[in-house]
Amino acid sequence: MKSVHPVERTVDVLVVGGGPAGLAAAARLAAAGAGRVEVLERERAAGGVPRHCARGGFGGLTGPAFARRAVRAAVRAGAVLRTGVSATGWAGPLALEVTAPTGLERITARAVVLATGARERPRSARLVPGSRPAGVLSTGELQQSVELFGLRRERIGRRAVVVGSDPIARHAVRTLRRAGVPVAAVVADRPYGPRLPGPVLRGATVLELVGRGRLSGVLVRGADGRTGLLRCDTVVFTGDWLPDHELARSGGVPLDPATRGPSVDGGLRTLVPGVFAAGNLLRGVEPGTVAAAEGRAVADAVLAHLAGAPWPAPGLTLETAGALRRLTPGRLHPAGPAPTLLLRPEVRLVRPILMVRQDARLLYERRLPVLLEPHRSLRHPAVWAPDADAAGGPVVVTLTP
């Protein structure tokens, strides 16, 4: 019988989340001699979303190969990887309540790295009218059904519609076709975007899901305003990722209103001393290679914290304006190293102007010689950071056409 009293344990660094960011952080910390580094992964296997992405695009590897390499690196470095273990709440500033197959635990750490990743917005939150028939899937559900559990017709059906404008819609179509499921159409709400496998309905909107018991069709309004029914027994909603921030929020870690992830500075330090955050928890989805790079980056700040470096003041808040949807990190220390910002536009922008202002001062202005797309972020060094006034107001970063 499992004990109802939690087992008290201590570690040096507790990493919550065994995806690309968490594994990369754990590998670097363990290799650097950070002490006992423990990774908690709630799934039965570590590796995160790449584990069931059979496509390439993960630094020259397929998703599963990328995940396996990340797991091997963490374990070989000496990190302790525990799967099927969930952090369910906080018992103190640096102590977490944990549910493991062996029972309840309370783990106290000298530093906590939150790397809980992102999740797709559920259908209920997408406000699509209609009944609740079977056959409505997210991208993750589709990929797990096909890649992890094999083809199950009762789940993924015989004729599908894919909804989305981002590259992930393309991956969903390929997954369906590889499973032998014809795709009736891709419904892309944006009139532009990456090349998608056809037929593609650009500028179209899903009005209603039709069917009782099992989906029988999707009512769509096209860019010309006309409506029509696409016959299908499966619809896959792609994209629209949200930070999986429940654990951070329950621990009182302040969130960034623009990203809905924890507010962090250039060292990926949150506003709670000893608590760091990395990867797609910070803002929703970015490629696995970006999340892994953030995992490696957060390790340096964790090591400094373990060595006794003082926790910095909150610093300046970075705010978004114009066509800039979000940026990370969202806080800045003018006297510290200038961070590289990850900028994500709201709409397509051709050679946009990047402007940075603080109060009435213009800190930076430049026309960027690039095409920005709403499905892809731009890395841009904050070379203007030393000119910001540490005693001034928020720094406003703007993208304009």
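Observations, loosely collected:
- Three-way shape label, the stretch 181-247, alpha-carbon gyration tensor, a/c 1.5: oblate
- Of HIS333, HIS380, the residue with the largest accessible area leads and the full order is HIS333, HIS380 (1.4 Å probe).
- Within the accessible surface of the chain, defined with a 1.4 Å probe on protein heavy atoms only, the carbon and sulfur portion equals 54 percent.
- Global geometry of the stretch 241-340, whether rounded, prolate or oblate, following the gyration tensor of its Cα atoms and the 1.5 cut on a/c: rounded
- Residues with amide H under 5 Å from that of LEU255, placed H, sequence gap 5 or more: SER263
- Build a GNM of the chain with springs between Cα atoms under 10 Å apart, and of ALA27, ALA391, ALA70 the one that fluctuates most is ALA391.
- Of the beta bridges in the chain, as assigned by DSSP with both residues counted there, near 55 percent are antiparallel.
- Per residue, the accessible area of the stretch 1-91 comes to 47 Å², computed with a 1.4 Å probe over protein heavy atoms only.
- Accessible area in square angstrom per residue, the stretch 150-292, 1.4 angstrom probe: 40 Å²
- Convex hull of the chain built on C-alpha atoms - directionally averaged projected area, nm²: 21.3 nm²
The values are calculated or read from the model by the stated rules, or taken from the named source; none is laboratory data. Note that the structure is a prediction, hence the values are computed from the model and not measured. With ligands, DNA and RNA removed, areas are computed over all heavy atoms of the protein, side chains included. Shrake-Rupley method; radii C 1.70, N 1.55, O 1.52, S 1.80 Å.
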